[in-house]
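The values are calculated or read from the model by the stated rules, or taken from the named source; none is laboratory data. These numbers come from a predicted model, not from an experiment. Cβ placement follows ideal geometry from the backbone for every residue including glycine, while neighbour counts extend to all protein chains displayed.
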Amino acid sequence: MLSCIPSTNIVGLMPRALGFSSPPTYSKDLELPLPFADAIQNFGVFETRSMLSNYFMIPVYPEGAKYEGRSSEDWHYSKYGSSLHLLKECGIPLNSVDTCIKDGSAWWTYKIREVYDSFDFQCIIPFLHHTDHSAILSSMFLLVDGNTKSLLPIIKHHTDDQDYGVRLREVPSGFPFQSFSALCHASRELWEFPC
């Protein structure tokens, strides 16, 4: 689980103590399904606007995290690469992440609230930082424990986070597939809700 550190004094890179001892390693040639590439591309530092005190919002791994957030060091590009043709055959668009782009967006800052059997995506910073696209992108990572039916957030929020309203309301637990389909530009019947 990642944490969000709002900071007024960190510009650019975070202190070594908050990060890893070595930079992440990625290949420009690594293609990912478009929604995941978009999420990774925009998962980074950004500066808030229109607040009494503006902040740099910085996603950080918890202390002791290893392998760039993966559960193990073992990851084989060749195994992944051999499945890319299946993704293309299914019509899933692929894209690479441009590691030279350093600015992030607010898609990862939503605080997800459980409301009966659905979820609301609450803004913790002013509404102008959030778009419909960022809400749909964030909803792709809605994780619900299958046994306990409890929410498994990807970001640890503070209890005193501000409430700037809800961008996406009454999202069902099966919504990530619909979000992924919409972001892949799949046919409307795969992702559109009946009115």
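In the stretch 29-59, of all residues being loosely packed, with under 10 Cβ neighbours inside 10 Å and of a type outside the set (S, T, N, Q), the one that is modelled with the lowest pLDDT corresponds to Asp29. The number of residues in the stretch 145-174 that are over 21 Å from Pro126 (Cβ atoms), acidic (Asp, Glu) and modelled with pLDDT under 80 comes to 1. It is to be established whether one or more residues within the stretch 173-188 are part of a loop (DSSP other than H, G, I, E, B) and under 28 Å from Tyr55 (Cβ atoms). No - not one qualifying residue is present in the stretch 173-188. Screening Lys102 on (1) assigned to a helix (DSSP H, G or I); (2) within 22 Å of Asn42 (Cβ to Cβ); (3) of a type outside the set (S, T, N, Q); (4) modelled with pLDDT under 90 shows it passes everything except condition (1).
Conditions: (1) at pLDDT 75 or above; (2) in contact with a helix residue (DSSP H, G or I) (Cβ under 6 Å, 6 or more places away or on another chain); (3) exposed (fewer than 10 other Cβ atoms within 10 Å of the Cβ). His85 meets all but one. Number of the miss? That leaves (2) as the condition not met. Remark: pairs (first residue in the stretch 81-109, in contact (Cβ under 8 Å) with a residue 24 or more places away in the chain; second residue among the aromatic types (Phe, Trp, Tyr) and in a loop (DSSP other than H, G, I, E, B); Cβ separation under 7 Å; 6+ apart in sequence or on different chains) = Val97/Tyr26; Thr99/Tyr26; Gly104/Phe43; Trp108/Phe43.
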